[in-house]
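Shown next, in structure tokens, is the structure this report addresses.
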Amino acid sequence: MYLKTDLLTHNLKEFTCKFDVILIEPPLEEYQRTCGATNVQLWNWDQIMELDIGEVAANRSFVFLWCGSSDGLDMGRLCLRKWGFRRCEDICWIRTNMNNPGHSKNLDSKAVLQRTKEHCLMGIKGTVRRSTDGDFIHANVDIDLIISEEPEYGSIEKPVEIFHIIEHFCLGRRRLHLFGRDSTIRPGWLTVGPELTNTNFNADIYNSYFPTNQITTGCTERIEALRPKSPPPKGKSSSRGRGGFNRGRGRGR
């Protein structure tokens, strides 16, 4: 489903639903300097922080926040903390220019080096352990790096691989994408944003898709046999050895 709405004024509680995973793709002010973005309403970090994400996040849930490449790394962490999440990963998007070689048309005056990457912070709410929550997460599948051709000048499109990573990792079916566009409408997701051209969202119908015992995609014995396993514990004091995401990098190798 998808909903065209102004997120500056929309009350997220109106969804009357808690989400297992939330992807946030704000049109950051820095995109005006780095991408030449002028056709969207840009947001500053104070506005992003005011989004009531914690109210629509399930007790065990994940958030993925695109935060750019400058002060967003610090501000993004503050947002996660305010919303009740702990940062557990940082996915990096490397923008290549094989098809259009040469320097970027816009250089960020605040940067010391030419920036060719963006970051997507991943946060966790609640206690989720690889050893006990196999119904909800499928860890060790994807890597934390996306390499793809940079979009055309003026575009703020993100690589579709971020959806692949999220869908492989989190088996929760209640998926919310904020600041989505017509190009990002995707099966299994509720896409919300001011740039959409239409709306078909109905809260009652949407909630009916998720009876209490059907909020995850489920698993089979074959999938479980193929599931990548975490390394054996090295010591009882190691949170990673217990299969948790409470500290450091959440994926063992």
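The values are calculated or read from the model by the stated rules, or taken from the named source; none is laboratory data. On a predicted model such as this, the values are computed, not experimentally measured, just so you know. Backbone-built Cβ (ideal geometry, glycine too); neighbour counts: all protein chains shown. Ligands, DNA and RNA are stripped out before the accessible areas are found, and what is left, the full protein with its side chains, is counted by its heavy atoms. Shrake-Rupley method; radii C 1.70, N 1.55, O 1.52, S 1.80 Å.
Find the relative contact order for segment 24-67 and round it to a whole percent, using C-alpha pairs within less than 8 Å whose residues are 6+ positions apart.
Once divided by the residue count of segment 24-67, the mean separation gives 55 percent.
Please sort 50-63, 184-197 by packing, taking for each peptide the average over its residues of neighbouring beta carbons within 10 angstrom, highest first.
Highest-to-lowest ranking by the protection proxy: 50-63, 184-197.
Could you report segment 13-74's accessible area per residue, 1.4 Å probe, as an integer in Å²?
Ligands and nucleic acids excluded, the result is 37 Å² per residue.
Using only alpha carbon pairs under 8 Å that are at least six residues apart, calculate the relative contact order of segment 13-87 and give it in whole percent.
40
I'd like to compare 68-77, 121-130, 169-178: which one has the highest average count of other Cβ atoms within 10 Å, and what's the full order after that?
169-178, 121-130, 68-77
At a 1.4 Å probe radius, carbon and sulfur cover how many percent of the accessible area of segment 161-226?
For segment 161-226, the apolar C and S fraction of the accessible surface comes to 51 percent.
Quick check: residue separation of residue 32 and residue 132 times 0.36 nm, minus the Cα distance between them. What number comes out in nm?
31.6 nm
Under 12 Å between alpha carbons, and skipping anything fewer than 8 positions from residue 13 in its own chain: which aspartates and glutamates qualify?
Qualifying aspartates and glutamates at Cα under 12 Å: 52, 55.
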